[in-house]
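The values are calculated or read from the model by the stated rules, or taken from the named source; none is laboratory data. Just so it is clear, the model here is predicted, and its values are computed rather than measured. When we count neighbours, we look across all protein chains shown, and the Cβ atoms used for this are built from the backbone with ideal geometry, even at glycine. In case anyone asks, the SASA skips ligands and DNA or RNA and just uses the protein heavy atoms, side chains included. Shrake-Rupley method; radii C 1.70, N 1.55, O 1.52, S 1.80 Å.
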Amino acid sequence: MQELSILILHGPNLNLLGKREPGVYGTVTLDEINQLLEREAEALQVKISPFQSNHEGALVDAIHAAMGQHQGLLINAGAYTHTSVAIRDAIAAVAIPTVEVHLSNIYKREEFRHHSYIAPVSIGQISGFGAQSYWLGLIALVNHLKKPV
Ligand code: DQA
């Protein structure tokens, strides 16, 4: 069987991780998160392709381009989680199994963060475990792809 390929999408402001509101998001940088995911991907024997953008359209384009290229999508859409019908529709359109992750527990925070447009088009969501949310999300996504429950 061909190796599974997972697209990892990081949305707006996540390029500033490490410096950005460390009390909320911790001190781990985006590069360190990608390295953590790379190590786990090797252990799981899957391929990952990380991409970060601060632009909604670039994220939509990346989701479209995933068709036929990637079998799973791990996404932290950042603030677009709470605003973007376009990203939600792109995920629904390509029908690639998706796991939504957040560093912070969005349900413990301001009310405007309690709603996710991404959740209804995702297999599931992991929120509140810092950098580990990505790690848990990758494992959950790969388990689902290898053996859907
Ligand atoms: C976030 C939570 C969002 O509400 C916020 O806008 C972010 C990061 C998280 O990972 O905790 O940019 O997605």
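Let me spell it out: the conditions are (1) farther than 22 Å from ILE139 by Cα; (2) open to solvent by 50 Å² or more (accessible area, probe 1.4 Å), and SER84 meets all of them except one. Which number is the exception?
(2)
Name the residues in region 21-69 that are among the hydroxyl-bearing types (Ser, Thr, Tyr) and away from the ligand (no atom under 16 Å from the Cβ), would you?
SER49
Take the residues in region 91-126 that are without any contact (Cβ under 8 Å) to a residue 12 or more places away in the chain and more than 9 Å from the ligand (Cβ to nearest atom), then tell me which one is surrounded by the fewest Cβ atoms within 10 Å (Cβ to Cβ).
GLU111
Is it fair to say ALA79 is without any contact (Cβ under 8 Å) to a residue 60 or more places away in the chain, in a helix (DSSP H, G or I) and open to solvent by 10 Å² or more (accessible area, probe 1.4 Å)?
no
Among the residues of region 73-90, count how many are aliphatic (A, V, I, L, M), more than 20 Å from SER49 (Cα to Cα) and within 15 Å of the ligand (Cβ to nearest atom).
Within region 73-90, residues that are aliphatic (A, V, I, L, M), more than 20 Å from SER49 (Cα to Cα) and within 15 Å of the ligand (Cβ to nearest atom) number 1.
Which residues, taken from region 127-149, are open to solvent by less than 40 Å² (accessible area, probe 1.4 Å), assigned to a helix (DSSP H, G or I) and within 13 Å of the ligand (Cβ to nearest atom)?
Answer for region 127-149, where residues must be open to solvent by less than 40 Å² (accessible area, probe 1.4 Å), assigned to a helix (DSSP H, G or I) and within 13 Å of the ligand (Cβ to nearest atom): SER133, TYR134, GLY137.
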